[in-house]
Every structure is written in C-alpha cells, then in structure tokens.
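Read through the structure below, which is laid out as structure tokens, and then see the notes.
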Amino acid sequence: MHIGIIGTGIVGAATAGWLQRDGHSVTFFDPNEAGEACSFGNAGSLSPSAVLPVGMPGMWKKVPKWLLDPDGPLVIRAHYLPTVLPWLMQFLRHSNEREVTRIATALRGLLSPVFDSYMPLLQRAGASDLVRRDGCLYVYSSRESADRWSWGANLRRSLGVEMQELEAEALFDLEPDLRGSFGFGQFAPENGATPDPSALVKAIYGQAIADGAGHIRARVTGFDRKADRIAALTLDDGSRHEVDGVVIAAGAWSGQLTRMLGTRVPLESQRGYHVTIQDPGIDLKRNVMAVEQNIMVNPMQMGLRLAGTVEFAGLKAAPDFRRAEALLSRGTEIFPGLRPDKHTKWMGHRPCLPDSMPVIGRVPRTQNAWMGFGHGHVGMCGGATTGRELANLVSGRAPEIDLEPFRVERFSRPGAA
Ligand SMILES: Cc1cc2nc3c(=O)[nH]c(=O)nc-3n(C[C@H](O)[C@H](O)[C@H](O)COP(=O)(O)OP(=O)(O)OC[C@H]3O[C@@H](n4cnc5c(N)ncnc54)[C@H](O)[C@@H]3O)c2cc1C
C-alpha cells in the first residue's frame, strides 16, 4: 500500500521505517524538516523505566506551591487557564493509586521493547551509535528524601524495573561530578539515551528516504473521504494527494487532524524547555534525573543538556525563555562546578493526553487511517515501538504488545476521561 504519514517527528519517522520493512511505500507530509519539532530538543532519555505518569498520587497538594513559584516546575499562563482547566480536571482524575498502577502497567508494555524497536531501524541506517545503553541514575539529596518517592519506585520495581540503590560513595564512583548536592541514587541499568535526539530522527527518516519514501513539504489541511475510507489528503499549498492509507503522527498538532475525521481527543501541549551547555566544566557519563528538582540531565554530543518544566500556554504563544533560565540557575545550584556561559535555549510542545498515555490505533469509522500521537514525556522512549505496532496494524498482523489501553475510544466511553 501507499501510506501517507503526517509528521516527521520520531513517531512518523519510525513508522515509515517499520512500514517499509513490510514492503509498503510511504510519503511523508510535513512542512518542516524531520526531527525539528518536539523530537528536536528533548532530553533524549530512552528508558523502559519511565512508566510513571505525570500525575502521581498526592501531586495536587504540591500544585498551589508550584504555581506560586515563577521558577517552579509548573506554570500555567493566566490567559490559558480557562482553556486548560477542563483538561487539568481530567488529568487529576487519573492521578490516584489505582489509575497510576493501571497506566504504569500499560506504559511498561510500550516502553520495554524500546531498544528492540529502534535497533533494526538504526542498524539499517548505520546509526547504532545514536543509542547509548549505559543506564540512568535517579538522584536525590538523601535517602530520606528518596523515601518520599518510594511509592513510585516500588511500583516501577513491581513491574520488573531494576533499580539498584546507591549510597553516596557508590554514586560518586559512578559519577564523580554528582558530589555536592546529591547523597543517594537509584541506578536503572536497563535504561539508555541518545546523544542527539534530532540526529536519531533524521537518521531513521534519511534511511526511509533512501529506501524510496517521498516527502511533500506542506501542511495537511483536510481529508477526502470515500465512504469509510480516506482517498486523498489535501494540503495548504492547494495540492491533493491520493493515498491507500494514512498515519496521523503530527505530535501536539494531531488533535486538529483527528477532529476533521470526527474523533475528538483531549490533546494538550505541555511545553517544555531545555538549555544545552557547551564546555559545561563538569563531566557526566550518562543520563541523570534530579528528582527533587525535576530536571533531566543528559551529556549530549553538542553539550550538557538540562531539560524539564511544564508550561501550559497552548500551541501559539511565544516561548518564555525565563523557564529555560530557571533550568540554568537550578543547574548551577545542583552542580557547583557547572560553567553555564555558553548555552542554547529551546522550547518544544509535548503532545499530552490527560492519562499520560498515547493514542495508538485505528481512527474510528475509518478503515484506512491510524493514529500514533500523544506520547507526552516519553515519545522518544515509545516512538519506535509505536511505529512497529502501527506497521503491525496496517499490515493486519496481531500487535506485539497490548494496545487496548492506548485505544482512542477510551475518551469516548461513558464516564471516560
Ligand atoms: C523538554 C522536553 C524533554 C523531553 N525529554 C524526553 C525524553 O528524555 N525522553 C522521551 O522519550 N521523550 C522526551 N520528551 C518528549 C518527546 O520529545 C515527545 O514525546 C516526542 O518528541 C513527540 O514526537 P512526535 O513525533 O509525536 O511529535 P513531533 O516531534 O512534535 O513531530 C510532529 C511533526 O508533525 C508535523 N505536523 C504537525 N501538524 C501537521 C500537519 N497538519 N500536516 C503535516 N505535518 C504536521 C510537525 O511539523 C512536526 O514535524 C521531551 C519533551 C520535551 C519538551
């Protein structure tokens, strides 16, 4: 079949690679270059352990304090509060222990095969070096502090995530430059990271192009339907392109497209920021999650990247780079040796659903349209497996993981999110 893929982020690129392995031909539709939207500047963590949703039990108690702190991990811009309030109410409904356990179990299924799903694509692209498999450290000021997160850590363990406890000296043996603010760590050996998320996407996309994919550089603005099938895509340059099937992988912008097909999804952008520091003066070897500060730190090819924060302001508002500055000043607090002078800043739109799980599956009432979006904070971890599973669905094969929790119908059932 000839499949149109809307979006050239990690989900679109990986889906193309997996579809081509089945002999399908693909055309990308995206006005932008591959790997330049949210998949450009993320923290690059590839973590089978990243199963906990954003909304955790008891989190609501911390929200007022966060909102009062302009440098805190959560900001809601005043003009956007009425728009995002219903979404936040849904989000809170998923943050109780029962829901979090259900979501973590589903995400474990999606994230566990992260390396198995990436490696065939990267090996073909000659880019296996864009994945490191050297574990990840969750670090805390002390063991007592880590105990405040023990419910989540135990849930991870109950799902098979290995988390080795490290007292201070063992932690500094692994990462000497953690001396200063940290005194306890948990090492997750099965995790990994990419040293350049954008390059990773571009490598997979570039191989898809080399294997015959096309790329029409325009925005999809509509679908031509014939009964219960999509016959063609219409673009903002006025052109029309016939397809045998379509995959919507347009990240935070996907909701606008599914609405045209009669499917509403509560998709919201959780805007996140990074600073990437050249010549940082400290040397970390692997991904480090500073849990109390809510900052992910990854030594990348282009410098040391500090990423995090959540800002609700919609898809159109300009970035507020004070959020990135706040990451930088937190960074200098926790790493006494950090030299922050030379750095770049970035903002990206995490595509987020209120239950912190993506949508993976077929568009209702449409035989030849599929969706892969809404991966929130774990799109790099889950992107390649999503592509593999979409290829299974397109080819009519049984999925290799349980896709039931990711069906879009969960938002339309009575009493649903
Ligand atoms: C600060 C930060 C840190 C993060 N850290 C991590 C991490 O460590 N690990 C992890 O797994 N995830 C992380 N994430 C999340 C991850 O980056 C995202 O989940 C992932 O990149 C989403 O990929 P995507 O392919 O769905 O969307 P995108 O990469 O945003 O791509 C969507 C594409 O769709 C195109 N598009 C949109 N509308 C249309 C249209 N109408 N027609 C044609 N094309 C269209 C856009 O131009 C874009 O190219 C982080 C995110 C942020 C912001």
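Computed values, structure above
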{"read-out": "The chain: relative contact order as a whole-number percent, Cα under 8 Å and 6+ apart", "value": "26 percent"}
{"read-out": "Largest-first principal axis extents, alpha carbons of segment 157-253, Å", "value": "64, 31, 26"}
{"read-out": "The chain: calculated mean residue ellipticity at 222 nm from DSSP helix runs of at least 4, using -39500 (n - 2.57)", "value": "-9000 deg cm²/dmol"}
{"read-out": "Residue with peak Gaussian network fluctuation, the chain [Cα springs, cutoff 10 Å], from GLY72, GLY383, GLY41", "value": "GLY72"}
{"read-out": "Extended-chain gain in nm, criterion 0.36 nm per residue less alpha-carbon gap, ASN154 and ASP224", "value": "20.3 nm"}
{"read-out": "Length released on extending from ARG143 to MET89, taking residue separation times 0.36 nm less the Cα-Cα span", "value": "16.1 nm"}
{"read-out": "Length-normalised contact order of segment 258-337 in % [C-alpha pairs under 8 Å, at least 6 apart]", "value": "33 percent"}
{"read-out": "Of LYS202/LYS345; LYS285/LYS345; LYS61/LYS345, those spanning more than 24 Å from alpha-carbon to alpha-carbon", "value": "LYS61/LYS345"}
{"read-out": "Among 13-20, 152-159, 24-31, the order from most to least packed when residues are scored by Cβ within 10 Å on average", "value": "13-20, 24-31, 152-159"}
{"read-out": "Two-decimal Rg/Rh across the chain, once Rg and the Kirkwood Rh are taken from alpha-carbon atoms", "value": "0.95"}
{"read-out": "Segment 210-336: projected area of the alpha-carbon convex hull, averaged over directions, in nm²", "value": "11.7 nm²"}
{"read-out": "Mean Cβ neighbour count within 10 Å, used as a protection proxy, ranking 53-59, 109-115 highest first", "value": "109-115, 53-59"}
{"read-out": "Charge context of VAL161, other residues only, Cβ under 9 angstrom, K/R +1, D/E -1", "value": "+1"}
{"read-out": "Extension gain, THR234 back to PHE321 (0.36 nm per residue minus Cα-Cα distance, nm)", "value": "27.8 nm"}
{"read-out": "Net +/- balance of residues flanking ARG323 in space, Cβ distance below 10 Å, scoring K and R +1, D and E -1", "value": "-1"}
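Computed from the coordinates by the stated procedures, all read-outs in this text should not be read as laboratory data. All values derive from a computational prediction rather than experimental measurement. Counting neighbours? That spans all protein chains shown, and the Cβs are built from the backbone with ideal geometry, glycine included.
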